[in-house]
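Novice: Quick one: the structure is below, and I'll ask about it shortly.
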Amino acid sequence: MTGSGPARTERRIIHIDMDAFFAAVEQRDDPRLRGLPVAVGGNRERGVVAAASYEARRFGIHSAMPSVTARRQCPELVFVPPRFDIYKAVSRQIHEVFARYTPLIQPLSLDEAYLDVTNPRLDRGSATAIAIEIRAAIRAETGLTASAGVSYNKFLAKLASDHRKPDGLFVITPKMGPGFVETLPVQRFHGVGPVTAARMQALGIHTGLDLRRQTRAFLAEHFGKAADYYYDVARGEDARPVEADRVRKSVGAETTFARDLARWEEVGAALEPVFAKTWAACERGGYAGRTVTVKVKYADFRQITRSRSGQEPVASRQELERIGLDLLRPCFPPPRGVRLLGVTISNIAGSEPHGWAQMALRFDRLNA
Amino acid sequence: MKFTAERATLLKALAHIQSVVEKRHTIPILANVMLSVRDGQLSLTATDMEIAIVEEVAAMPTRNGATTAPAATLYEIVRKLPEGAQVELDHAGGAAQLSLRAGRFATSLVVLPVEDFPNLTAGTLPHRFALPARALRGLIDRTRFAISTEETRYYLNGIYLHAAETAGQRTLRAVATDGHRLARVEEALPDGAGGMPGVIIPRKTVNEVRKLLEEFTGDAEIALSDTRIQFRAGPITLTSKLIDGTFPEYERVIPLGNDKVLRVGKKEFSEAVARVAAISQERARPVKLSLERDALVLSASSPEQGTASEELDGGTVTYQASPLEIGFQARFLNDVTEQIEGDVEFCFADGSAPTIVRNAGDTSALYVLMPMRV
């Protein structure tokens, strides 16, 4: 992004992604953990890995993996309980660094954000120069490393930050964009899950180039509403703006099944990863929501939703699962095969317009 | 069974009974009232399987026996009879219908067998004590607003009644919490309550008992076991199941070291809260309290409507501690101050810690409020 053509209209977007954030914070604060495979998360039977250090990733450990599986794959894995208060504090520090350069910051979670530096507060001549400074400032002020991707839209900036991870910086210029996407396997596209990737491959679509060769109509026929997005990103285009101070309204996950579901007995296992992912996202973002919504999409693409709101935010993954399954039970046996199930938590505390969140009495903790 | 009663007497008893009757009609007999004449005494009973209410009614009984008839229909009929009417109800043992006569009006109602009517009143209640109606009203009124309505935390859906000790005095304590605020009220421990187990009285029972106390001024007799509680207020006896659960160790959330003390006139404070909070229509709208020496500024804002603030000063405010800012839901403040007369005393630790609120001149009630955080 060093070009300086006079008629330049491209945006300049940076995607910053902290490297193995929770695990890195733990390794920073406890030197004994450095160099060891570390998993942040619950060690108990139903626990899930919230983050894994790079040492652990070499064993195939990744976030949202059940702790039991992780331990099996890497018996020497060190489990550390999460300290979300610390992660939030570090996240605020990082946010302050961003804010020196631009007010247009869209945090995706505690450890990831898009920055629009098209018209920066501090102009360093190029977005790349700003990204270099931000990475240096994060390292100096938090002792942690971040990867940065620089490009002309969010889709490519995110791909770029992933390209030289960890502790890397990569730039995708407008000239490089379409070419970069061309060679990219479809499963690497943000927004293409394993099932969609398999369906694309079955249609002979393996790379960005294959995807670009499809017509809008063809994509719409096979992928419904997502077609426009696929059509654009296959050309390296993505018009979504960086939404500053976007208040998170909901957190959720969904999964498309390779084979349509029909039996209630299959639902629990099928939804396990969805609950895990949703709950992990709540914890990562520090979100507490009162409403649980489940979505059922049938083989004919018709969908229904069911939701329930409590007075209090959902307090645990167990509670989320219980409410989610309670809501789904009456939907079975389904009238048609079920191709997708999703779970969302909304009515998030603090997303009220006044920005205040009601705190809870802590019966499990002694007051001083 | 046969008796004659005055319309007004019967109507009043049926009205009491009405609120307990199961309205969802999942089990038909629960929509019925049991009419029973035994040893020359008429009593009416209704139950929803959780609560049973029995009322002894003044009547002229002529034949013993019992049956059950649709409560809502009977109530409607009696209500529409002319004032001063004498109502005669007659049911021959085993008959399928109950006949009702009043003057020239006659009707017959389909009955259900009395044997099928659930009996909640059986069993022993080993712990017995009496409490003046005024004291029982005080325990209920000052705690029930804090009862949780969240079904998943069913053990908070009631008032926790138990024997305790405060400053060497044995007390009967009522506690309720919804997880954001807590109300703890106590009375001197009545004779007979010393060995009682801690029990959680369901919200519906609390509300029904409170209704009975509306027109009752004597001593309420309370009897209970681990699983049931009974309130007797004059001619009416209410028996209820208890919530089968463990109330949390609530003492843990009552802070001991809060040393920033604010005293403010109740009337001035609650009126200012109401005015400031009117800026927003949200349910969980916050009111911010900004404290400096002998000065309190209440403020609220709404992104759509704007801002509001009001200052209360030394005339009504006493505050000597370091400056503090803290936010509470307006309705939490209102619910508590409604129960207080005279001066309200707040004890704060900081802007994000549990805060104690009490009546400055009365230590029998203590409230804990959790603030809102920006």
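The values are calculated or read from the model by the stated rules, or taken from the named source; none is laboratory data. Bear in mind the structure is a predicted one, so any value in this text is a computation, not a measurement. FYI the Cβ positions are ideal-geometry reconstructions off the backbone, even for glycines, and counts take in every protein chain you see. SASA here: full protein model, heavy atoms, side chains in, ligands and nucleic acids out. Shrake-Rupley method; radii C 1.70, N 1.55, O 1.52, S 1.80 Å.
Novice: Taking the criterion of being free of Cβ contacts under 8 Å to residues at least 60 places away in the same chain, more than 23 Å from B:G234 (Cα to Cα) and crowded, with 20+ Cβ neighbours inside 10 Å, would at least one residue in region B:93-109 satisfy it?
Specialist: Yes, region B:93-109 contains a residue that is free of Cβ contacts under 8 Å to residues at least 60 places away in the same chain, more than 23 Å from B:G234 (Cα to Cα) and crowded, with 20+ Cβ neighbours inside 10 Å.
Yes/no per residue for (1) closer than 19 Å to B:F346 by Cα; (2) among the β-branched types (V, I, T); (3) more than 9 Å from every other protein chain (Cβ to nearest Cβ):
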| residue | (1), (2), (3) |
| --- | --- |
| B:P248 | no, no, no |
| B:G257 | yes, no, no |
| B:R263 | yes, no, yes |
| B:I279 | no, yes, yes |
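Novice: Here is a list of conditions, (1) over 18 Å from the mean Cα position of the chain (by Cα); (2) modelled with pLDDT of 85 or more; (3) not small (G, A, S), and A:I61 meets all of them except one; can you say which number that is?
Specialist: Here A:I61 clears every test but (1).
Novice: May I ask you to verify whether B:E6 is at pLDDT below 95 and charged (D, E, K, R)? So that I can check it myself, show each step before the final result.
Specialist: On the way: at pLDDT below 95: no; charged (D, E, K, R): yes.
In short, no.
Novice: Based on this model, can you work out whether A:S4 counts as closer than 24 Å to A:K88 by Cβ, modelled with pLDDT under 95 and surrounded by fewer than 22 Cβ atoms within 10 Å (Cβ to Cβ)?
Specialist: In short, no.
Novice: Condition test on B:A233, is it away from chain A (no Cβ under 14 Å), closer than 23 Å to B:D362 by Cβ and touching a residue at least 12 places away in the same chain (Cβ under 8 Å)?
Specialist: no
Novice: Among residues belonging to region B:179-205 that are of a type in the set (A, V, I, L, M) and more than 14 Å from chain A (Cβ to nearest Cβ), point out the one that is most open to solvent (accessible area, probe 1.4 Å).
Specialist: Applying the filter and picking the extreme gives B:A188.
Novice: Considering only residues of region B:140-178 that are more than 22 Å from A:R322 (Cβ to Cβ) and without any contact (Cβ under 8 Å) to a residue 12 or more places away in the chain, which is most open to solvent (accessible area, probe 1.4 Å)?
Specialist: Step by step, filter region B:140-178, then rank; the result is B:E165.
Novice: Hey, does region B:326-337 have a residue that's assigned to a helix (DSSP H, G or I), more than 10 Å from chain A (Cβ to nearest Cβ) and among the β-branched types (V, I, T)? Explain how you work it out, then say what you get.
Specialist: Going through region B:326-337, the residues assigned to a helix (DSSP H, G or I) turn out to be B:330-337.
Remaining after also requiring more than 10 Å from chain A (Cβ to nearest Cβ): B:330-331, B:333-337.
So of that shortlist, the ones also among the β-branched types (V, I, T) come out as B:336-337.
The answer is yes, given that some residue of region B:326-337 is assigned to a helix (DSSP H, G or I), more than 10 Å from chain A (Cβ to nearest Cβ) and among the β-branched types (V, I, T).
Novice: Further, regarding this structure: Does A:M18 satisfy the criteria of being touching a helix residue (DSSP H, G or I) at 6+ places or on another chain (Cβ under 8 Å), open to solvent by less than 70 Å² (accessible area, probe 1.4 Å), modelled with pLDDT of 90 or more and not β-branched (V, I, T)?
Specialist: Yes.
Novice: Another one. Which condition breaks for A:A269 when tested against (1) in the same structural domain as A:L325 (by TED's automatic domain parsing); (2) open to solvent by 40 Å² or more (accessible area, probe 1.4 Å); (3) closer than 26 Å to A:H62 by Cα; (4) touching a residue at least 24 places away in the same chain (Cβ under 8 Å)?
Specialist: Evaluating A:A269 over (1) in the same structural domain as A:L325 (by TED's automatic domain parsing); (2) open to solvent by 40 Å² or more (accessible area, probe 1.4 Å); (3) closer than 26 Å to A:H62 by Cα; (4) touching a residue at least 24 places away in the same chain (Cβ under 8 Å) leaves (4) as the failure.
Novice: Of the residues in region B:278-289, how many are open to solvent by 10 Å² or more (accessible area, probe 1.4 Å) and either in contact with a Lys or Arg (Cβ under 9 Å, 6 or more places away or on another chain) or at pLDDT 95 or above (or both)?
Specialist: 4
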